[in-house]
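Shown next, in structure tokens, is the structure this report addresses.
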There are 4 protein chains.
Amino acid sequence: MSTMNPSRLGRPVDADRRAARRRQIINGARGVFARKGFHAASTAEISAEAGVSGANLYQYFATKDDLIMSLIEENLAGDLALIESLNDAKSLKQGIMSLGKALFETPPGRQSHALRLEILAESFRQEEVAATLRRAEIRMIDTLGAIIGKAQVSGEVPDEISTLQAAATIIACVDGFMSRIAFTPISAEAQLAGFVMLITAALRLQQS
Amino acid sequence: MSTMNPSRLGRPVDADRRAARRRQIINGARGVFARKGFHAASTAEISAEAGVSGANLYQYFATKDDLIMSLIEENLAGDLALIESLNDAKSLKQGIMSLGKALFETPPGRQSHALRLEILAESFRQEEVAATLRRAEIRMIDTLGAIIGKAQVSGEVPDEISTLQAAATIIACVDGFMSRIAFTPISAEAQLAGFVMLITAALRLQQS
Amino acid sequence: MSTMNPSRLGRPVDADRRAARRRQIINGARGVFARKGFHAASTAEISAEAGVSGANLYQYFATKDDLIMSLIEENLAGDLALIESLNDAKSLKQGIMSLGKALFETPPGRQSHALRLEILAESFRQEEVAATLRRAEIRMIDTLGAIIGKAQVSGEVPDEISTLQAAATIIACVDGFMSRIAFTPISAEAQLAGFVMLITAALRLQQS
Amino acid sequence: MSTMNPSRLGRPVDADRRAARRRQIINGARGVFARKGFHAASTAEISAEAGVSGANLYQYFATKDDLIMSLIEENLAGDLALIESLNDAKSLKQGIMSLGKALFETPPGRQSHALRLEILAESFRQEEVAATLRRAEIRMIDTLGAIIGKAQVSGEVPDEISTLQAAATIIACVDGFMSRIAFTPISAEAQLAGFVMLITAALRLQQS
DNA sequence: TATGAATGAGGCTTCATTCAT
DNA sequence: TATGAATGAAGCCTCATTCAT
């Protein structure tokens, strides 16, 4: 019955254009979601911020929830990339210090922190979000664990600690500090000091 | 306080009734907010869960946001009370261990964790929430700091650490572990072990 | 938990008022549905025609479909009442003649005809509608059959015909003539003549 | 007609292709309209069922309403052809009996019945549809009337009946029985018996 | 011609809140 | 006080249709 002729009929699909639009929408959504949260954000505001018509959004995402899930996965991939970037640091301690510093630089981080927290909160409400986070958490722990393992080989970290347990603990610490950035009465320096102290302990590094 | 002399005061009973109703509504709200989040929860569902008519809610709270703020403050007061309960423990370490154990007992904690996370997330969006949290955070740090100070006097904790900094760090850790309870692939025991390790380090306690 | 006290708290339910509003909305819906059909009619137009806010409609009907089903059942009850009114006629033939005349009086009937047809059409699409119509059809056939039976006793109708079969046939005829009222090139008199002829035959009445 | 000489005419093939596509779309529309009704059917679903892109539809029909009108006319032409097929029957009675039998064979008829009913219902709403149906009704009555006239010549039908009136009555009967096929509690045999009885009476045929 | 992309308008429904009893 | 009734303002999504390729 179908007379579709893939060869030369009609407008060809431009995969790049499509991907770009998708990103454009996700970026608009990121801003609005960070500002309002998933549920208070309206698709109208999102599409406006993305510079797209309200209806067009639905050609790239089946539903608002679909958009949310896509954004969550993209964000988690970014978090993982952040951890992987530790591979490029001179030493594990140097790398984590850099990460910590970036963590407490308010202006750039604020949006992504709000989003990360919103995602964590959503994990208590939608099992699908929890499952996605679980998968991501496993990858993050594994990745960071491997990096710690390399630091063990190079002698930076003592062999007796459990790499996975240390990794999990560090990641929890990061979220812990991040979660209060909007209101903490503690100065950025003091926060960083506390953070470094914890990491040092978790990895049994030598005190600086 | 208000039950001293029913014959003397015009309407102390009514005042009690009012307070009771308020709590009844807040408790209903707690359940719904934990399940759905602040914005996805409807006042209709809240009043239904509280066993109250939808209109009646507005005789105790001016607005949904007012209800949210009241609940937030009540919850933060509860968090503070939790910290104050450390005064009753034999030693600081014992007390924090108990707190940690309670933290990772999933069923009872789940609702309050979801709520705490929702509140933290909201702090990025409403400056009023952030301000409230800041005030609460200060009280918590001060209170925990004083407790740590007492532990220094008793010799449990070395004198050279900064009580406030240690307190702030510990509280951040607690939120960090709590934030992932819904999805963490780590066992409760391993979480507790990581938690204890961090606290021990923050307080420079002797290894158990 | 529920503190509901049915005795004297709050506004009492006024069942009459509620029923009146319901009818008001159904009547508004009747007009719009007759004019546009079930699917082209908007709830906004319905509530406007009923003199009610758009939201208020949903305190009486869970959904547009619910409203449609309610209206269908009310209409079918009216159709049955029409058949029952045959009991008041002097003779069966007189009664059916009156019904037939009313059937072809365009202005008053037009709206109800449109609606009846819309309902019949919907029976092909929603099994629930079909089931409702089936129940109504059975009652109509039984009722009309009983009336025909009485006419047999009084000697107006010969005993040898099947009352149920005759009833079913007559009802089908009515719908047949009704279905073309909007466009038939036949004069009302000629239609009536044809209708009477068929009924006469179905009941084996004496020719007038 | 358009296939006479491919070498002579510039684009007879294209004309054929156009007509074929048109039919293809109309056939897709028939299915969807029968299933959902005119207004609940979306052009997207229609074009999908026709195996055509949604935009392509608009190169063959100016508007959804245009498609509806075209389909209505095509269907009415088919109805007329059905009546004309009576000319091929041995006797009028035989022909009508065959038509009746086909009428009550549920599976094949169901779709076309739903469509016919939808069209009848639409006649109450759009004067244009009513006008189209009126024209078709006149042709049907004339055609069936002429066939009845031939049966009078052959002696099958008595001369004294009005051919046009009889024709109109018969057509109304057909629609009457058809309109309830989706829900009637009457068996196909009983329906057929009732139908035949009415036709026999309308034409004053001899009882079988 | 035929298809993918885009969009304004509108549809159904929910919600926070006010009013009347 | 407490409840049922009412509503304007949104919110998510779909649709018929046009535009670009």
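The values are calculated or read from the model by the stated rules, or taken from the named source; none is laboratory data. What you are looking at is a predicted structure, and each value in this text was computed from that prediction instead of being measured. Backbone-built Cβ (ideal geometry, glycine too); neighbour counts: all protein chains shown.
Annotations
This table checks each residue for (1) at pLDDT 95 or above; (2) of a type outside the set (A, V, I, L, M, F, W, C); (3) surrounded by fewer than 20 Cβ atoms within 10 Å (Cβ to Cβ).
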residue	(1), (2), (3)
D:HIS113	yes, yes, no
D:SER123	yes, yes, no
D:GLU128	yes, yes, yes
D:ALA136	yes, no, yes
D:GLY149	yes, yes, yes
D:PRO158	yes, yes, yes
D:THR169	yes, yes, no
D:ARG180	yes, yes, no
D:THR184	yes, yes, no
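- Residue check, A:LEU80 away from DNA strand F (no atom under 13 Å from the Cβ), modelled with pLDDT of 95 or more and within 26 Å of A:ARG135 (Cα to Cα): yes
- Any hit, the stretch B:77-86, residues being closer than 14 Å to B:ILE26 by Cβ, out of contact with any strand residue (DSSP E or B) (no Cβ under 8 Å at 6 or more places or on another chain), assigned by TED's automatic domain parsing to the domain that holds B:GLU189 and surrounded by fewer than 17 Cβ atoms within 10 Å (Cβ to Cβ): yes
- Among (1) more than 10 Å from DNA strand F (Cβ to nearest atom); (2) within 22 Å of the chain's Cα centre (by Cα) - the single one C:ARG21 does not satisfy: (1)
- Top-ranked residue of the stretch B:34-50 - restricted to ones that are touching a residue at least 40 places away in the same chain (Cβ under 8 Å) and more than 17 Å from A:LYS36 (Cβ to Cβ), ranked as farthest from DNA strand F (Cβ to nearest atom): B:ALA34
- Failed item, numbered, when A:LEU103 is tested on (1) modelled with pLDDT under 95; (2) within 12 Å of another protein chain (Cβ to nearest Cβ); (3) closer than 19 Å to A:GLN165 by Cα: (3)
- Selection within the stretch B:109-135 - within 9 Å of chain A (Cβ to nearest Cβ) and of a type in the set (Gly, Ala, Ser): B:ALA114, B:ALA121, B:SER123, B:ALA130, B:ALA131
- If the condition is being touching a residue at least 24 places away in the same chain (Cβ under 8 Å) and more than 7 Å from chain B (Cβ to nearest Cβ), then the stretch A:175-187 contributes A:MET178, A:ILE181.
- Yes/no for C:ILE147 being over 15 Å from the mean Cα position of the chain (by Cα) and over 15 Å from C:LEU80 (Cα atoms): no
- Members of the stretch D:57-81 that are touching a residue at least 12 places away in the same chain (Cβ under 8 Å) and under 20 Å from A:GLY10 (Cβ atoms): D:LEU57, D:TYR60, D:PHE61
- Positions within the stretch A:25-66 being more than 21 Å from B:SER42 (Cβ to Cβ), within 9 Å of DNA strand E (Cβ to nearest atom) and either surrounded by fewer than 17 Cβ atoms within 10 Å (Cβ to Cβ) or aliphatic (A, V, I, L, M) (or both), in sequence order: A:GLY51, A:VAL52, A:SER53, A:GLY54, A:ALA55, A:ASN56, A:LEU57, A:TYR58, A:GLN59
- A residue that is of a type in the set (D, E, K, R), away from DNA strand E (no atom under 14 Å from the Cβ) and farther than 25 Å from C:GLU122 by Cβ occurs nowhere in the stretch D:73-80.
- For the stretch B:90-111, a tally of residues being of a type in the set (Lys, Arg), without any contact (Cβ under 8 Å) to a residue 12 or more places away in the chain and surrounded by 13 or more Cβ atoms within 10 Å (Cβ to Cβ) returns 0.
- Within the stretch A:1-24, residues that are within 11 Å of chain D (Cβ to nearest Cβ) sit with their Cβ atoms under 6 Å from residues that are near DNA strand E (Cβ under 9 Å from one of its atoms) and at pLDDT 80 or above, at 6+ positions apart or across chains, in these pairs: A:MET1/D:GLY51; A:SER2/D:GLY51; A:THR3/D:GLY51.
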